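Here the structure comes first, spelled out in structure tokens, and everything after it is commentary.
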Amino acid sequence: MINELLCYRIALGIAGVLGVGLTVWTVRLAPGNLERFESWPRAKAPGMIIGWIVLALCVPHAAVVSPGFLIPLLWPLAIGVPILGYFFVDYPLSRALGGAAILGAYYLVHKSFELHTPMFGVIALLSWILGIAGIWISGKPCALRDWIRLCSRSRFWKFASAGFFAIMTLALWWGAALTRGE
């Protein structure tokens, strides 16, 4: 049976694996492969898929605060909005990743506090940085493209970004291993 602590540990493990992937990907950014990665924030199908996942995770939270007439529409909206975004939104992957970063940051801060995670302050600080980046990317989706360009041209930004992802990954895995849920 999956309890809250196990679900939190699984989420930290998955976030850590994503962090390793982001670290490796960021280190591999270079002017030679910029043309390949520069267009990713505008990818429509991955943006729609990530949008579905993020909105599906948001529906239970939205149901609590939504007015009664809106509750039956939450699931149809969660299914339909990413499809509309596929056709009518520029930078759909960038927007979906921004939303995922905001939702992930909220979850990590909330559950880390609730379950008394060791090194809560470190996880909270790193999560807030991730959430702020998600807000920035959601508000200005071309910022993800600009960040990819910056990391491919600047060793400092490439390794600073990769270092952030690596430190966050280690903190998340450390928290997953040591959280007792007391």
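The values are calculated or read from the model by the stated rules, or taken from the named source; none is laboratory data. Being a predicted model, the structure only gives us computed values, none of them experimental. Note: ideal-geometry Cβ built from the backbone for every residue, glycine included; neighbour counts use all protein chains shown. Protein only, heavy atoms only, side chains kept; ligands, DNA and RNA dropped before computing areas. Shrake-Rupley method; radii C 1.70, N 1.55, O 1.52, S 1.80 Å.
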Next item on the list: Could you tell me whether any residue of segment 7-20 is open to solvent by 80 Å² or more (accessible area, probe 1.4 Å), over 27 Å from Ile123 (Cα atoms) and among the hydrophobic types (A, V, I, L, M, F, W, C)?
Entry: no
Check: Is one or more of the residues making up segment 27-47 open to solvent by 40 Å² or more (accessible area, probe 1.4 Å), touching a residue at least 60 places away in the same chain (Cβ under 8 Å) and under 27 Å from Trp173 (Cα atoms)?
Finding: yes
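Give me a count of the residues in segment 148-162 that are without any contact (Cβ under 8 Å) to a residue 40 or more places away in the chain and open to solvent by less than 50 Å² (accessible area, probe 1.4 Å).
Taking segment 148-162 first, the residues without any contact (Cβ under 8 Å) to a residue 40 or more places away in the chain are 150, 154-157, 160.
The next check asks that each one be open to solvent by less than 50 Å² (accessible area, probe 1.4 Å); those that pass are 154, 160.
Matching residues across segment 148-162 total 2.
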Notebook entry, point to check: Among the residues of segment 163-176 satisfying the criterion of being without any contact (Cβ under 8 Å) to a residue 60 or more places away in the chain and of a type in the set (Phe, Trp, Tyr), which is least open to solvent (accessible area, probe 1.4 Å)?
Noted result: Phe164
Next item on the list: Would you mind telling me which numbered condition in (1) open to solvent by 30 Å² or more (accessible area, probe 1.4 Å); (2) farther than 20 Å from Gly21 by Cα; (3) touching a residue at least 12 places away in the same chain (Cβ under 8 Å) Thr179 fails?
Entry: (1)
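With respect to Ser127, determine if the residue is under 13 Å from the mean Cα position of the chain (by Cα), part of a helix (DSSP H, G or I), more than 19 Å from Trp40 (Cβ to Cβ) and among the small types (Gly, Ala, Ser). Give the derivation first.
Values: under 13 Å from the mean Cα position of the chain (by Cα): yes; part of a helix (DSSP H, G or I): yes; more than 19 Å from Trp40 (Cβ to Cβ): yes; among the small types (Gly, Ala, Ser): yes.
In short, yes.
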Next item on the list: Within segment 95-113, count every residue that is touching a Gly at 6+ places or on another chain (Cβ under 9 Å) and either of a type in the set (Asp, Glu) or free of Cβ contacts under 8 Å to residues at least 60 places away in the same chain (or both).
Entry: 12
Check: Going by the structure shown, is Leu144 out of contact with any His (no Cβ under 7 Å at 6 or more places or on another chain) and closer than 23 Å to Ile10 by Cα?
Finding: no
Next item on the list: Determine which member of the set Ala63, Ala100, Ala105, Ala78 is among the small types (Gly, Ala, Ser), assigned to a helix (DSSP H, G or I), modelled with pLDDT of 95 or more and open to solvent by 30 Å² or more (accessible area, probe 1.4 Å).
Entry: Ala100
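Test Ile83 against the stated conditions and say whether it is within 18 Å of Ile135 (Cα to Cα) and either over 13 Å from the mean Cα position of the chain (by Cα) or without any contact (Cβ under 8 Å) to a residue 40 or more places away in the chain (or both). Full working, then the answer.
Working: within 18 Å of Ile135 (Cα to Cα): no; either over 13 Å from the mean Cα position of the chain (by Cα) or without any contact (Cβ under 8 Å) to a residue 40 or more places away in the chain (or both): yes.
Criteria not met by Ile83.
Could you tell me which residue of segment 1-54 is farthest from Arg153 (Cα to Cα), considering only residues that are polar (S, T, N, Q) and within 16 Å of the chain's Cα centre (by Cα)?
Step one: filter segment 1-54 for residues polar (S, T, N, Q), giving 3, 23, 26, 33, 39.
Of the ones still in play, those that are also within 16 Å of the chain's Cα centre (by Cα) are 23, 26.
Numbers: Thr23: 16, Thr26: 11 Å.
Among those that are polar (S, T, N, Q) and within 16 Å of the chain's Cα centre (by Cα), it is Thr23.
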Notebook entry, point to check: If Gly51 passes every condition in (1) farther than 22 Å from Ile137 by Cβ; (2) in contact with a helix residue (DSSP H, G or I) (Cβ under 9 Å, 6 or more places away or on another chain); (3) not aliphatic (A, V, I, L, M) but one, which one does it miss?
Noted result: (1)
